[in-house]
Amino acid sequence: LGTNNMRFVVLFLSAAALVDAFSPGSVLIRPASFGSVAGAGRRTTLRAACNVKAKLALSDDRTKAVPWKKSVVADQRLLYMPFLEYQLQYMRDTVEGLKEIPFEEHLSLAKSSRKPAVIESWLYESKDFEKIRLTYIDAGIGAQVFNSVWYPRHSMDAPIFGIDFLAFGPKKVLAILDLQPLKQDADYLTKYIDPLIPLRNKYEDLCGRMSGKFYDEAQFFSRQLLFGRFDNDEPVMASLYPAFKEYLDYYTTMIKALKKDESDSYKSAVKELHRAYDQYSAEKDPAVGLFKTYWGEDWAEDFTHNFLFSMSVPPPTADGVVASTKGPVTGGAAASETAYFKNKKPWDN
């Protein structure tokens, strides 16, 4: 096969792997987040190309370009752009104390040199949330992806809110929406997950089942997830969009009403649960292969461990070394001039 044909095969197989990851199987599964957490800093175990000092990017100015006007592929729809646009506006209007978080510029926006594709990400924190991450991938008809993950402050052991909407062509449309529990004991699930039952039951076409090929249902998944797998994109706006808005409103309202425990011991315990979630996600998420296909292995590794799952420990390098801590934030001039950045503590302290 020629180089172009080989690239097409790899892209096709990566998309197929993602679809297969969410296909019905013999094991009933509750979804893991396609993306999760972000944060700044360099990991000493990443490849040399990933350890260069990087300028930092902010998010607010870039959100002015949302909604994007057109796809990187002519005459193709940006299927999930209304979701990104709605969430950004919802955050501005509803989330108290919303602040943008500086993170590495080369991870904030990347265009593929292999196939027409672009990925852009935005990062925030607020009074009640340690991290709110948003990512959009546009590869024309080949891939449309919107992902967002909300991490509550460590003073709460509330679930992580995971949003994963994917489309690989018009007949491979996937939607996963879940309040992902940090624990699986009965009291925890009764408190946080069971109240979702009436809301979930409103959306029968989003009550599907997932394959257990990539994920373990005993970790970080709820029984009240919304999951849909469609052979057309009509349900995206008809069912998924109103469900997305309802779940988002339910979740933020719940978080706001929760009693906070500011003790060091409590926050340390919750932080470790977040860390375990990151590690699990970094090791299991099939989307990492998609990043490698479009943007190369070095960038994908950097994006995975320094943005998506920033509390995870990367795999050993050739010499077997694995770091358990992260370096300090390094910033560019534009980011470091902001009052917020000057007062910001290291993300994972």
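For residue 237, neighbours were defined as the other residues whose beta-carbon sits under 12 Å from its Cβ, and their charges (Lys and Arg +1, Asp and Glu -1) total 0. Of the cross-linked pairs 99/256; 115/172; 55/111; 70/115; 202/259; 64/111, those separated by over 26 Å at the C-alpha level are 202/259. Computed on segment 258-313, the Cα convex hull volume stands at 91 Å³ per residue. Sites listed here are GluC sites (Glu not before Pro) in segment 71-112 whose DSSP assignment is loop and whose Cβ has at most 16 other Cβ atoms within 10 Å: 96.
Read-outs: derived from the displayed coordinates by stated rules, not from any lab. From a predicted model like this one, the values you see are computed outputs, not experimental measurements. Glycine also receives a Cβ, built like all others from the backbone with ideal geometry; neighbour counts cover every protein chain displayed.
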